[in-house]
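Let me begin by presenting the structure, written as structure tokens, before commenting on it.
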Amino acid sequence: MSSAGTIYYYYDDNGVFHFTDLPPSRLYRPFIIFRDKSFDLNKIKHLIRVYSKQYNLEPALVQAIIEVESAYQAKAISKAGAQGLMQIMPGTQKELGLKDPFDPSSNIEAGVRYLRRLLDRFGDLRLALAAYNAGPARVEQYKGIPPYAETRQYVRKVLDIYSKLKK
């Protein structure tokens, strides 16, 4: 995950530092991150409660996903191109009719609706989380959680945070 307010650097073989806000390669590392203060946690939690109720999900589950996906940063963009609080990929945004992935209300509504769809499709929370991370086609291809370290770690992290938030 990277924030829209992140500055990256690269130190080349000639001893020159290069800085950018749009890293052209994986050689660049975060230098400084400016947190998005435009939307506070209480408002995000309110939206989580509203949309969780609408789609019959536990708010603690949605909150755990947002914590893992974006650390509550509304302008977050992943290396893969996922955007917003719930880190929705552009193709999925189009499928969901999400016009502004950086609008917290729109992003949470679309992400919760998508999660509800995955839970209904797979009937299992672990598989739905794996599909949210790696894509539903991968879960179907492997007939379970795909053998990707990132996806397996993602499912564990979300379930761990979810468990703690439910208490």
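The values are calculated or read from the model by the stated rules, or taken from the named source; none is laboratory data. Computed from a predicted model, the values in this text were never measured in an experiment. Backbone-built Cβ (ideal geometry, glycine too); neighbour counts: all protein chains shown. Ligands, DNA and RNA are stripped out before the accessible areas are found, and what is left, the full protein with its side chains, is counted by its heavy atoms. Shrake-Rupley method; radii C 1.70, N 1.55, O 1.52, S 1.80 Å.
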Inset, instruction - State, as an integer percentage, the relative contact order of the chain based on alpha-carbon contacts under 8 Å between residues 6 or more apart. - result: 17
Inset, instruction - Using +1 at the Cβ of each Lys and Arg and -1 at the Cβ of each Asp and Glu in the stretch 54-167, identify which of 76, 60, 142 lies farthest towards the dipole's positive end. - result: 142
Legend entry - Gaussian network model of the chain, Cα within-10 Å springs - most flexible of 91, 15, 144: 15
Inset, instruction - Mind giving me the nanometre distance, one decimal, between the label points for residue 11 and residue 137, set 7 Å out from Cα along Cα→Cβ? - result: 4.1
Inset, instruction - Please identify, among 50, 139, 16, the residue showing maximal mean-square fluctuation in a Gaussian network model of the chain using a 10 angstrom Cα cutoff. - result: 16
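Of the heavy-atom accessible surface of the chain (probe 1.4 angstrom), what whole percent is carbon and sulfur?
Values: 5020 of 9700 Å².
Summing carbon and sulfur atoms, their accessible area is 52 percent of the total for the chain.
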Legend entry - Sequence-distant lysines (8 or more away, or on other chains) whose Cα lies within less than 21 Å of residue 45: 37, 53, 75, 157, 164, 166, 167
Legend entry - Acute angle (nearest 10 degrees) that the helix 59-70 long axis makes with the longest principal axis of the chain, alpha-carbon atoms: 20
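Report, in debye and to the nearest 20, how large the dipole of the chain comes out about its Cα centre when Lys and Arg carry +1 and Asp and Glu carry -1 on their Cβ. Spell out each step's value before the answer.
Values: 25 positive and 17 negative charges, 122 e Å.
It works out to roughly 580 debye.
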Legend entry - Highest-MSF residue in the chain out of 12, 21, 100 [GNM, Cα springs under 10 Å]: 12
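Averaging the inverse of every distinct alpha carbon separation and then flipping it gives the Kirkwood radius. What is it for the stretch 8-148, in angstrom units?
Working: mean 1/r = 0.0611 Å⁻¹.
That comes to 16.4 Å for the stretch 8-148.
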Inset, instruction - Could you sort 110-116, 157-163, 80-86, 41-47 so that the peptide with the highest average Cβ count within 10 Å comes first and the rest follow in order? - result: 110-116, 80-86, 157-163, 41-47
Legend entry - Fully extended contour minus Cα-Cα distance, from residue 79 to residue 149, at 0.36 nm per residue: 23.6 nm
